[in-house]
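S.K.: Below is one structure. I have some questions about it.
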Amino acid sequence: MNFDSYTDCGVVLAVDLVNSEGISEPDELGDLEALRTFLEDHEISAPGPLSAVVLGEVMALRPRLRAVFEAADGAAAARMINDLLQETAALPQLTDHDGDAWHLHFTPPGAPLAARLAAEAAMGLAGVMRAGGHERLGICADIACLEVFVDASRNRSRRFCNPDLCGNRSSVAAHRARRRAMAGP
Ligand SMILES: [Zn+2]
Ligand SMILES: [Zn+2]
């Protein structure tokens with residue numbers, strides 16, 4: 001299974017957008033400058049004028065995207081993705097605006113930024129569903145992290161967003177808890 005094939009279709013955008021809202025870290029979309037940097041990093045060109053309202057709309061999109069990862073089953077995830085596509089009236093259109101290479105936009109020029117990001121992220125998640133099903137949409141098992149990820153492992157066994165960091169921290173914590181339990185009251 002090749003997950004690289006749709007990295008440009010919004011799945012990275014979806015994951016990074018959700019994870020920008022840190023559980024134990026400062027918000028990565030804390031202000032307009034941070035939003036501008038985020039958009040640049042994700043090659044969202046010509047985002048239109050940025051304002052507090054626009055930032056608020058983008059932030060409000062994050063729990064909806066997280067909900068797709070948390071969905072109880074594939075049907076629920078598909079429903080949420082379809083809702084996002086419907087609300088944003090997503091319609092793939094080729095464009096080479098501003099001298100860029102041909103790429104797809106899913107909302108018309110001038111659409112609100114949050115709608116544009118929602119459509120793009122929903123298309124990315126739709127790609128994951130199509131290629132591997134809902135089991136591929138993971139949430140880090142480290143309760144101090146809870147970041148989302150796409151599980152590209154062969155047997156869908158990935159439990160942590162970052163096995164070296166979160167996997168390690170979690171096993172150390174579990175080990176300590178076991179030792180405490182053994183020591184008794
Ligand atoms: Zn573009
Ligand atoms: Zn993690």
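The values are calculated or read from the model by the stated rules, or taken from the named source; none is laboratory data. As the structure is a prediction and not an experimental result, all values here were calculated from the model. Glycine also receives a Cβ, built like all others from the backbone with ideal geometry; neighbour counts cover every protein chain displayed. Heavy atoms of the whole protein, side chains included, go into the accessibility calculation; ligands, DNA and RNA do not. Shrake-Rupley method; radii C 1.70, N 1.55, O 1.52, S 1.80 Å.
S.K.: What do you reckon, how do 23, 139 stack up by accessible area (1.4 Å probe), largest on top?
M.R.: 23, 139
S.K.: To one decimal place, what Kirkwood hydrodynamic radius in Å is obtained for the chain from all pairs of distinct Cα atoms?
M.R.: Mean inverse Cα-Cα distance, inverted, gives 17.7 Å.
S.K.: Could you report the accessible area of residue 166 in Å², rounded to 10, computed with a 1.4 Å probe on the protein chains as they sit in the structure?
M.R.: 10 Å²
S.K.: A further question follows. Which value, in Å², gives the accessible area per residue of the chain when a 1.4 Å probe is used on the protein heavy atoms?
M.R.: Heavy-atom accessible area per residue stands at 57 Å².
S.K.: With springs connecting C-alpha atoms under 10 Å apart, model the chain as a Gaussian network and identify which of 26, 108, 47 has the largest mean-square fluctuation.
M.R.: 26
S.K.: Sticking with this one: Based on the Cβ-Cβ distance from residue 162 to residue 28, what FRET efficiency comes out when R0 is 25 Å, to the nearest 0.05?
M.R.: About 0.95, to the nearest 0.05.
S.K.: What is the calculated FRET efficiency for residue 82 to residue 154, with r their C-beta to C-beta distance and R₀ = 22 Å, to the nearest 0.05?
M.R.: That gives a FRET efficiency of 0.15.
S.K.: Another question, if that's okay. Hey, what angle do you get for helix 168-183 against the long axis of the chain, alpha-carbon based, 0 to 90 degrees rounded to 10?
M.R.: 30 degrees
S.K.: Calculate what fraction, in whole %, of the accessible area of region 54-185 sits on carbon and sulfur atoms when a 1.4 Å probe is rolled over the protein chains.
M.R.: 57 percent
S.K.: Okay, next question. Taking the convex hull of the Cα atoms, report for region 5-65 its projected area averaged over all directions, in nm².
M.R.: 4.4 nm²
S.K.: Which value in deg cm²/dmol, rounded to the nearest 500, describes the helix-derived mean residue ellipticity at 222 nm for the chain, given -39,500 (n - 2.57) per DSSP H run of n ≥ 4 and division by the residue count?
M.R.: -15500 deg cm²/dmol
S.K.: If you take all C-alpha pairs in region 87-185, what percent of them are over 22 Å apart?
M.R.: 54 percent
S.K.: Given the options 89, 122, 101, which has the most mean-square fluctuation in a GNM of the chain, springs set between C-alpha atoms less than 10 angstrom apart?
M.R.: Among 89, 122, 101, the largest GNM mean-square fluctuation belongs to 101.
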